[in-house]
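Structure first, then comments.
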Amino acid sequence: MRRYILPACRTYYSCAANGQRDISDLILYKKLLLGEKNMANVIVRNATYQYDLLRPIFFEMIEKLAGDKIKPGSRVLIKPNMLSSAHPEDAVLTHPQVLRAAVEYVLEKGARAQVSDSPAIGSFEKILKQNGAKDALQGLDVICAPFQDAVEVDIGKPYGRIEVARDAVEADVIINLPKLKTHSQMLLTLAAKNMFGCIIGFKKSQWHMRAGTDTMFFASLLVAIHQAVQPTVSILDGILALEGEGPGKRGIPRKIGVLMGSDNSFALDMAVCAMIGVPQSKMPMLKVAGDRQLLPEVEIEGTMPRVENFQLPETGQPIFGPAFLQNFLRRHTLARPVCDQPLCKLCGKCRTICPAGAIDEKEASIEFDYGKCIRCYCCLEVCPYAALHSRETLGGRLTRTIINKFS
Ligand code: SF4
Ligand code: SF4
């Protein structure tokens, strides 16, 4: 199997061993960079959800990346993306067959398996049922429970001590199972962001409120949380990904057909960006991680498909300028949540999740108070009827035009 290098802080398309990409640059960079200290391996494999085919691929990948760390009796936390109710074909959550492969691997190693997450809304039990995970894990000796207890962890300035799920802090091994999908605030939600699920329930909303409209502050918090609860290994479900207006049901499922794994979340996220053609500089979390010297040189093992025209959500542009103006500018340039009223069933879930109290329910519709809205897009994530989406403002369009013109 051929290996190629993705340099940190740059966007280079990786390379398929079958020649789908022009690899000359990559070979050059391989020569220049081999032997660099901060290297991370990303394994890429073509895969489908057909379990008899998926299982050996998953087992081979995790054995290479973390086989020596999962020992008999180890307490292993498996952290999928199980944020809200959805069916597997919605491509919103980690697929149940990927989850099953992780649990079976842990049990085969003689370790103890626990599957946990902290749903934004609704019961964890119901989410597992609707997603098909309950059936997929039938008969396996695994604990499935939402995170409940928290312990305080110092994640450094300016956040200080924050409450993180005890199960994540105390686990011997964490297997992170993110989904490849878009995210209206962070552009994409991949391996590193999936660890935000280790913050319990309403505490997540409090952090959204504290960050307000400051996307980079929030990205920096997410990076700090990830560093505090570093997963041992991440295996990303990119078999059926979600493009467009993710991360909720408004997104569009797209078959990519890959399983990707690494023991370095940022390396994995960098590889995904290269695969789908998203410059790292557009990813707030990778930008923060780069500024903190956390991005490794990435070595790709396997065949990465060419993914053309991957649709991203409408977000906003980073805001520069005097601090006292930034909040005002963000409110007028970041994309706003809007409601497709005919699709809305007035279920009230968006109003329940909104950390800013910016949603009001009228007789036959919901209304946003954009003065209060902090553009966290949690409402889009939980709407069960895909009634919400983000729309770029006139100010945002103008800003984008100006930035594109001068960049
Ligand atoms: S927008 Fe969606 S979540 Fe909000 S009330 Fe309507 S259907 Fe429910
Ligand atoms: S309205 Fe939606 S985007 Fe705005 S603060 Fe509430 S949940 Fe976040």
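Derivation of every value follows stated rules applied to the coordinates shown; laboratory data play no part. Predicted model only: the values in this text are computed from it and were never measured. With ideal geometry, Cβ positions are generated from the backbone for all residues, glycine too; neighbour counts draw on all protein chains shown.
Quick rundown of the values:
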quantity	calculated
Prolate/oblate/rounded label for the range 134-256 (Cα gyration tensor, a/c 1.5)	oblate
Candidates Ser123, Ser220, Ser365, ranked by Gaussian network fluctuation over the chain, Cα under 10 Å, top entry	Ser365
Cα-projected label distance for Gln311 with Lys134, points at 7 Å along beta-carbon direction, nm	3.2
In the range 329-407, the GluC sites (Glu not before Pro) that fall in loop regions by DSSP, at most 15 other Cβ within 10 Å	Glu363
Prolate/oblate/rounded label for the range 32-143 (Cα gyration tensor, a/c 1.5)	prolate
Among Asp90, Asp269, Asp135: highest mean-square fluctuation, GNM of the chain, C-alpha pairs under 10 Å	Asp135
Helical contribution to [θ] at 222 nm, DSSP H n ≥ 4, -39,500 (n - 2.57), averaged over the chain, rounded to 500	-9500 deg cm²/dmol
Of Phe147, Ser123, Ala113, farthest towards positive along the dipole that unit charges on Lys, Arg, Asp, Glu beta carbons give the range 96-170	Ser123
Descending Cα extents along the principal axes, the range 323-406, whole Å	44, 25, 20
Span from the the range 154-202 Cα centroid across to the the range 87-143 one, whole angstrom	18
Top of Pro253, Pro72, Pro80 by mean-square fluctuation, Gaussian network on the chain, Cα under 10 Å	Pro72
Reduced Cα scattering model of the chain, Debye log10 I(q)/I(0), q = 0.10, 0.11 Å⁻¹	-0.64, -0.79
For Ile256, residues with placed amide H under 5 Å, excluding near neighbours	Leu240, Ala241
